[in-house]
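Enquirer: I'd like to ask you about the structure that follows.
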Amino acid sequence: MKKRFYTLLIALLPLSSVYADDLMTIYRQALYADPNLKTAQLQVGVGEAQHWQAGGELLPQVSVSANLSLIDQRNVKTKAEDSFKGERYTLNLTQSLIDVPKVLNWIRSNKVVDQYKQANVEAEQNLMLLTVERYFAVLAARDNLGLIENEVALSTRQLEQLTRQFEKQLVKITDVYEMEAKLDLLVADQVDAKTQLDVARQEVSELTGTVFDSLVGLRDTVDFVALSGTLDQRILQARELNAGLKAQEKAIEAADYAVSMEHSRHLPVVDLQFSYFRSNTGFNDTQSNETDTKVGSININIPLFPGGTTLARADEASKNREISRQKKIALLRGVIKETREAFLSTNASVRRIEAASKAVKSAIKANDAMQKGFRYGVQTIGDVLVSQQRVFEARKGLLDVRYVYITHWIRFQKITGVITMDSLATINQWLGKNVL
């Protein structure tokens, strides 16, 4: 009977991870639900619509109008009356021949579309980064809670053991008090850890718009490697590929055309116009013979003095262009700073992981020796508690630095503009079967 039970249990264990969400699952949910990404995508559509509007102004403009009237006339002197129906039909076709502002506006709007597309790429990359950060924030909070729960269970057993030893007068009452104080602090820490876990889980739910049951945890055996190349090479890469910088560069290009467009409003505008009229209504709504009129013309408009508005608009466009340039300077400095921090921190995390792993082993050995010394009366309970705290801190430090590496690594991928679905797939391979 027991054999059948264990066989069934082993068969069901893999099924538990099926219902756990991994990083790619969470990202796909966020990709569908994130309002910021949808806003960026809609902004691209707005830019394309504006580009079509600007292009439409360069195409022929055709309009048709009709006027139907009932005219009743009465001569005041002769008292003669006359009534008739008036009809007037007009067809106008206008084609711009020379209109520099319209052409420059069309080019400017195309640069704006490119800017919005790069902003959309950045929004996608930001979502990838945010998904990874929030996913592993849950894992870190869960690991922290797990460590504290283990410490609570261990301390509870030790308190029970010390209480029995005190009843046999083998330890002092102060030893019992010290253990009780430690347990009380651990219980308080446990409450805080549960709160932090709930907050982290809620942040993931906010990202996806759904509630998840569990997340697949990080495997214990992951080969964390340092980033290749030099810092200068990586900074150059970020300057060339960062999506935010690309979007700002397109904004500057659009601003350049905006300045040229406003200055060009001083130039003549030449239109070709063709008009067709059919009417039986003459001057002052008098009846006349039905006539057809066809007119072809070239219209030239030269703005001599539009009240200074052209100069003011050009000045505004120039200042907006300078604002875009200053934004790029600030953004570039931030990109260089973040690239430097992410590169150095990622590689430093590799060394820290190695050191933290050794620290855990050393702390465990020291704690075992301390426990043995306490049993033989060589060490005090205070020494044991300090030793246990060092084990706890060493284990927590190792768990934290593993997540720190992942966070810096994905930030580096994002800031240098190389983050893709493959980046998330790489991290997803680091996840194991342990469900959190």
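Enquirer: If you wrap region 216-296's Cα atoms in a convex hull and average its projection over all directions, what's the area in nm²?
Expert: Average of the hull's projected areas for region 216-296 equals 16.8 nm².
Enquirer: Show me 192-205, 251-264, 336-349, 301-314 ranked by packing, highest mean number of other Cβ atoms within 10 Å first.
Expert: Packing proxy ranking, top to bottom: 251-264, 336-349, 192-205, 301-314.
Enquirer: Sticking with this one: Might you report the magnitude of the Cβ-based charge dipole of the chain about its Cα centre, with Lys and Arg at +1 and Asp and Glu at -1, to the nearest 20 debye?
Expert: Approximately 1100 debye in magnitude.
Enquirer: OK, next. By the gyration tensor of its Cα atoms, with a ≥ b ≥ c the square roots of the eigenvalues, what is the shape of region 395-436: rounded for a/c under 1.5, prolate for a/b over b/c, or oblate?
Expert: oblate
Enquirer: If you don't mind, another one. State the answer as a single residue: which of Leu207, Phe274, Met261 lies farthest towards the positive end of the charge dipole of region 187-284, with beta carbon charges of +1 for Lys and Arg and -1 for Asp and Glu, about the Cα centre.
Expert: The Cα lying farthest towards the positive end belongs to Phe274.
Enquirer: Something else: For region 160-285, what Kirkwood radius comes out of the mean inverse Cα-Cα distance, in Å?
Expert: Here the Kirkwood hydrodynamic radius works out to 25.5 Å.
Enquirer: Continuing with the same structure: Name the residue from Gln190, Ser324, Ala312 whose Cα lies farthest towards the positive end of the charge dipole of the chain, charges +1 on Cβ of Lys and Arg and -1 on Cβ of Asp and Glu.
Expert: So the residue furthest toward the plus end is Gln190.
Enquirer: Moving to a separate point now. Can you tell me the order of 144-153, 113-122 when each peptide is scored by its average per-residue count of other Cβ atoms within 10 angstrom, highest first?
Expert: For the peptides 144-153, 113-122, the packing ranking is 113-122, 144-153.
Enquirer: Kyte-Doolittle mean at least 0.5 and Cα extent at least 20 Å along the axis: which DSSP H helices of the chain qualify?
Expert: Helix filter hits for the chain: 2-18.
Enquirer: Of the listed values (1) 71, 57, 43; (2) 64, 49, 44; (3) 139, 55, 43, identify the label whose number matches Cα extents along the principal axes in Å calculated from this model.
Expert: Of the labelled values, this structure produces (3).
Enquirer: Rounded to a whole number, what is D in µm²/s for region 224-364 from Stokes-Einstein with the Kirkwood radius over alpha-carbon pairs (25 °C, 0.890 mPa s)?
Expert: The Stokes-Einstein estimate is 111 µm²/s.
Enquirer: How large, in percent, is the carbon and sulfur part of the accessible surface of the chain at a probe radius of 1.4 Å?
Expert: The computed percentage sits at 55.
Enquirer: Taking every DSSP beta bridge that has both residues in the chain, what percent is antiparallel when rounded to the nearest 5?
Expert: 95
Enquirer: Tell me the per residue accessible area of the chain using a 1.4 Å probe; a whole number in Å² is fine.
Expert: I get 60 Å² per residue for this part.
Enquirer: Give the dimensionless ratio obtained when the Cα radius of gyration of region 298-417 is divided by 2.2 N^0.38 Å.
Expert: That ratio works out to 2.30.
Enquirer: Another one. Which one, Gly86, Leu147, Val46, projects farthest toward the positive side of the charge dipole computed for the chain from Cβ point charges (K/R +1, D/E -1)?
Expert: With unit charges placed on the Cβ atoms, the residue in question is Leu147.
Enquirer: Now for a different question. Mind jotting down the distance between the C-alpha centroids of region 292-325 and region 25-72, whole Å?
Expert: About 24 Å separates the Cα centre of region 25-72 from the one of region 292-325.
Enquirer: Counting each DSSP H run of 4 or more residues in the chain as -39500 (n - 2.57), what helix-only mean residue ellipticity at 222 nm follows after dividing by all residues, to the nearest 500 deg cm²/dmol?
Expert: My calculation for the chain gives -24500 deg cm²/dmol from helical runs alone.
Enquirer: Between Gln61 and Gln202, what length comes free when the chain is fully extended (0.36 nm per residue of separation minus the Cα-Cα distance, one decimal in nm)?
Expert: Computed gain between Gln61 and Gln202 is 45.2 nm.
Enquirer: While we're here: Can you give the extra length, in nm with one decimal, that the chain gains between Gln169 and Val270 once fully stretched, where that is 0.36 nm per residue apart less the Cα-Cα distance?
Expert: 25.5 nm
Enquirer: Now for a different question. Using the per-residue mean of other Cβ atoms lying within 10 Å as a proxy for protection, in what order, highest first, do the peptides 99-108, 27-36 fall?
Expert: Packing proxy ranking, top to bottom: 99-108, 27-36.
The values are calculated or read from the model by the stated rules, or taken from the named source; none is laboratory data. Bear in mind the structure is a predicted one, so any value in this text is a computation, not a measurement. As a convention, Cβ positions derive from the backbone with ideal geometry for all residues, glycine included, and neighbour counts pool all protein chains shown. These accessible areas exclude ligands, DNA and RNA; they are computed on the full protein's heavy atoms, side chains included. Shrake-Rupley method; radii C 1.70, N 1.55, O 1.52, S 1.80 Å.
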